[in-house]
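Asks: Here it is: the structure, laid out below.
The values are calculated or read from the model by the stated rules, or taken from the named source; none is laboratory data. Quantities reported herein were computed from a predicted structural model and do not represent experimental measurements. For neighbour counting, all protein chains shown are included, and Cβ atoms are generated from backbone atoms with ideal geometry for every residue, glycine included. Areas reflect the complete protein model, heavy atoms only, side chains present, ligands, DNA and RNA absent. Shrake-Rupley method; radii C 1.70, N 1.55, O 1.52, S 1.80 Å.
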Amino acid sequence: MRKRIVVLGSTGSIGTQTLDVARQHADKLEVVGLAVNSNVEALAVQVREFGVRHAAAGDIRLAGDARCDQVVQAVNACGRHGEEAAQAGTFGVGPEAVLDLVRLPEADVVVNALVGEAGLRASYETLAAGKVLALANKESLVVGGDLIMPLAAKVDAQRRAAGTAPKVGPAGALMPIDSEHGAIYQCLLGEDAREVSRLWVTASGGPFRGRTRAELEDITPAQALAHPTWNMGAKISIDSSTLMNKGLEVIEAHHLFAMPYDKIEVVVQPQSAIHSMVEYADGSVKAHLGTTDMRIPIQFALSYPDRWDAPVKPLDFRTLGSLEFAAPDTDTFRCLALARAAGERGGTLPCVMNAANEVAVAAFLAEEGSYLGIAACVEATMDAHVAEGVQVVESLDQLESLDAWARATARRWIGEHRG
Ligand code: MG
């Protein structure tokens, strides 16, 4: 039987690559729901190609917009020509319409590739509905890991009880799509987590590796958007250049693999050939290598516990050349140290850190804030929250109100440090 997937963020970088995988494996994957933020033109094309009956656009400003008509026509056409001819398609606008997709009875797996904090509620509702969550949205774990991981454990237990979990290994309720976490997940298969001595999260180092702080003062958005090895969206490209992305990944790894922070190391591996490593008690290290193509980790998250063929160019070790390793420069790239500090302190501090970073990155991209201002803004907002008191994470509503507070605080900081 085909796995029935819902893709949230289907026109973004991860979303389109997920649909590439679905196209390649039409015998194994069926797309049953698609959600975008606002690109309804591209959504209509995807709905038609995959014969999808349920779609949504998260941006509430699209309500009543004539551009949505083509999506309505597309889902209805699929409803008429589909196997269950009696059922009409559905198309909704707004955040609630996106959440309705994760609760579709016919969905087995939700690929969450939403950008930013908006993805957290979708992750939460996916697991609350007992579905498998294939997770590309980093904020879900960075901000809400304390809420998401217990839910994932519950779905794992349900999957074991229902016999839908693999015979051996993790039950698979939460599958990471990030290349680093996908790599660690695979290195841990067949191992006893108690025998792990360290996780090595690899970093490309970004486009500014080797530069000094003084050399980063006048960096422009265009320079920061040119990533050396991975082709990604704007927000994550900036995060990669500041190493905030790696900081977020350290926090994700902490939650995903229940690993204390002193057992998570970051190492710069500029070729990005090694996607991460796991070191064991006896000093043995397992590394995951492969071509730098996001479709491989996306596909593994969907194929687990199996492996499927992938139309990617395999690594040729005869032409790979040398592999370099270096410690990250956290004095220059302070976001990595700030994120780790937020993770170690825990509670609501990572939520505040993440929100401040989203605001500062957006300001930098809009040329309203400087490149080095990103770390400074994040630090100032974190300090303000620490001064008011970091809280234990208790609910999505609590996180959403703190997220809003952090955004306002960060915006005020940007306004005060303009020009
Ligand atoms: Mg990554």
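Asks: Longest exposed-loop-site-free stretch of the chain, with trypsin sites (Lys or Arg not before Pro), DSSP loop and at most 12 other Cβ within 10 Å?
Replies: 1-166
Asks: Using the alpha-carbon centroid of each, what span in Å lies between the range 319-376 and the range 130-155?
Replies: 22
Asks: Mind pulling up the Rg/Rh value for the range 141-296? Radius of gyration and Kirkwood radius, both on Cα.
Replies: Radius of gyration relative to Kirkwood radius: 1.01.
Asks: If I stretch the segment between residue 263 and residue 234 completely, what's the gain in nm (0.36 nm per residue apart, minus their alpha carbon distance), one decimal?
Replies: So the chain would gain 7.4 nm between residue 263 and residue 234.
Asks: For the cross-link pairs 3/313; 28/286; 263/286; 138/246, which exceed 21 Å when the distance is taken from alpha carbon to alpha carbon?
Replies: Details: 3/313 26 Å; 28/286 30 Å; 263/286 15 Å; 138/246 11 Å.
Check vs 21 Å cut-off fails for 3/313; 28/286.
Asks: Counting Lys +1, Arg +1, Asp -1, Glu -1, what net charge surrounds residue 276 among other residues with beta carbon under 13 Å of its beta carbon?
Replies: Net local charge, residue 276 excluded: -3.
Asks: Something else now. Classify the range 53-177 as rounded, prolate or oblate, taking a ≥ b ≥ c as the square roots of the eigenvalues of its Cα gyration tensor: rounded when a/c is under 1.5, otherwise prolate if a/b is larger than b/c and oblate if not.
Replies: oblate
Asks: For residue 275, which sequence-distant residues (separation of 5 or more, or a different chain) have an amide H within less than 5 Å of its own amide H, given hydrogens modelled in the peptide plane?
Replies: HN-HN under 5 Å from residue 275: 288, 289, 290.
Asks: When only Cα pairs under 8 Å and 6 or more residues apart are kept, what is the percent relative contact order across the range 212-317?
Replies: Averaging sequence separation for qualifying contacts and normalising by length gives 15 percent for the range 212-317.
Asks: Also: Can you tell me the accessible area per residue over the range 155-256, all protein chains present, probe 1.4 angstrom, in square angstrom?
Replies: Details: 4130 Å² over 102 residues.
Heavy-atom SASA per residue in the range 155-256 reads 41 Å².
Asks: On to the next question. What nm distance separates the two modelled labels at residue 193 and residue 65, each placed 7 Å from Cα along Cα→Cβ?
Replies: In this crude label model, residue 193 to residue 65 measures out at 4.2 nm.
Asks: Grab the DSSP H runs of the chain that are 4 residues or longer, score each as -39,500 (n - 2.57), total them, divide by all residues and round the 222 nm result to the nearest 500 deg cm²/dmol. Display every interim value, and only then the final one.
Replies: Details: 16 runs with 194 residues, N = 419.
Per the formula, -14500 deg cm²/dmol.
Asks: Starting from the 7 Å offset along Cα-to-Cβ, what nm value, one decimal, do you get for the label separation of residue 366 and residue 213?
Replies: Modelled inter-label distance: 2.7 nm.
Asks: Would you mind calculating the gained length between residue 401 and residue 418 on full extension (0.36 nm times residue separation, minus the Cα-Cα distance), in nm to one decimal?
Replies: Between residue 401 and residue 418, full extension yields 3.5 nm more.
Asks: Summarise the accessible area of the range 340-418 (1.4 Å probe, protein heavy atoms) by the percent that is carbon and sulfur. It would help to have the intermediate numbers written out before the result.
Replies: Numbers: 1570 of 3360 Å².
Heavy-atom surface of the range 340-418 belonging to carbon and sulfur, 1.4 Å probe: 47 percent.
Asks: May I pose another question? For the range 188-215 and the range 244-296, what is the separation of their Cα centres, given in Å?
Replies: Their Cα centres are 5 Å away from one another.
Asks: Express in nm, to one decimal, how much length is gained between residue 154 and residue 313 on full extension, taking 0.36 nm for each residue of separation and deducting their alpha carbon distance.
Replies: Between residue 154 and residue 313, full extension yields an extra 53.4 nm.
Asks: Between 254, 402, 112, whose Cα lies farthest towards the positive end of the dipole of the chain when Lys and Arg beta carbons carry +1 and Asp and Glu beta carbons carry -1, centred on the Cα centre?
Replies: Going by the Cα projections, it comes out as 112.
Asks: How would the range 329-419 be classified by its alpha-carbon gyration tensor: rounded, prolate or oblate, with rounded meaning a/c under 1.5 and the a/b versus b/c comparison settling the rest?
Replies: Working: a/c = 2.13, a/b = 1.37, b/c = 1.56.
Because a/c hits 1.5 or more and a/b fails to exceed b/c, the range 329-419 counts as oblate.
Asks: Right, here's the next one. Which of 164, 287, 268 sits closest to the plus end of the dipole of the chain, meaning its Cα is farthest towards the positive end, when Lys and Arg get +1 and Asp and Glu get -1 on the C-beta?
Replies: My answer, from the dipole projection, is 164.
Asks: Separate question: Hey, can you find the accessible area per residue of the range 273-326 for me, probe 1.4 Å, expressed in square angstrom? Don't jump to the answer; show the numbers that get you there.
Replies: Values: 3030 Å² over 54 residues.
Solvent-accessible surface per residue comes out at 56 Å².
Asks: Run the 1.4 Å probe and let me know the accessible area of residue 382, rounded to the nearest 10 Å².
Replies: 10
Asks: Could you work out the local net charge near residue 141, counting Lys and Arg as +1, Asp and Glu as -1, over the other residues with Cβ closer than 11 Å to its Cβ?
Replies: Summing Lys and Arg as +1 and Asp and Glu as -1 gives -4.
Asks: State the percentage of accessible surface on the range 169-320 attributable to carbon and sulfur atoms; use a 1.4 Å probe and exclude ligands, DNA and RNA.
Replies: Carbon-and-sulfur percentage of accessible area, whole number: 51.
Asks: Still on this structure, I have one more. Can you return the aspartates and glutamates within cross-link range of residue 167? Criterion is Cα-Cα under 13 Å, with same-chain partners fewer than 8 residues away left out.
Replies: 156, 306
Asks: Now for a separate question. Summing +1 for each Lys or Arg and -1 for each Asp or Glu, what net charge is found among the other residues whose Cβ lies under 13 Å from the Cβ of residue 264? Don't skip to the answer; put the middle values down first.
Replies: Values: positive: 198, 246, 263, 340; negative: 180, 249, 252, 262, 265, 279, 344.
Its environment carries a net charge of -3.
Asks: Identify which of 180, 41, 139 has the largest mean-square fluctuation in a Gaussian network model of the chain, with springs joining Cα atoms closer than 10 Å.
Replies: Its mean-square fluctuation being the largest, the pick is 41.
Asks: Something else about it: Could you work out what % of the accessible surface of the range 1-93 is carbon and sulfur, using a 1.4 angstrom probe and leaving DNA, RNA and ligands out of the count?
Replies: 49
Asks: Counting other Cβ atoms within 10 Å, which chymotrypsin sites (Phe, Trp or Tyr not before Pro) in the range 302-372 have at most 10 and lie in a DSSP loop?
Replies: Answer by residue number: 317.
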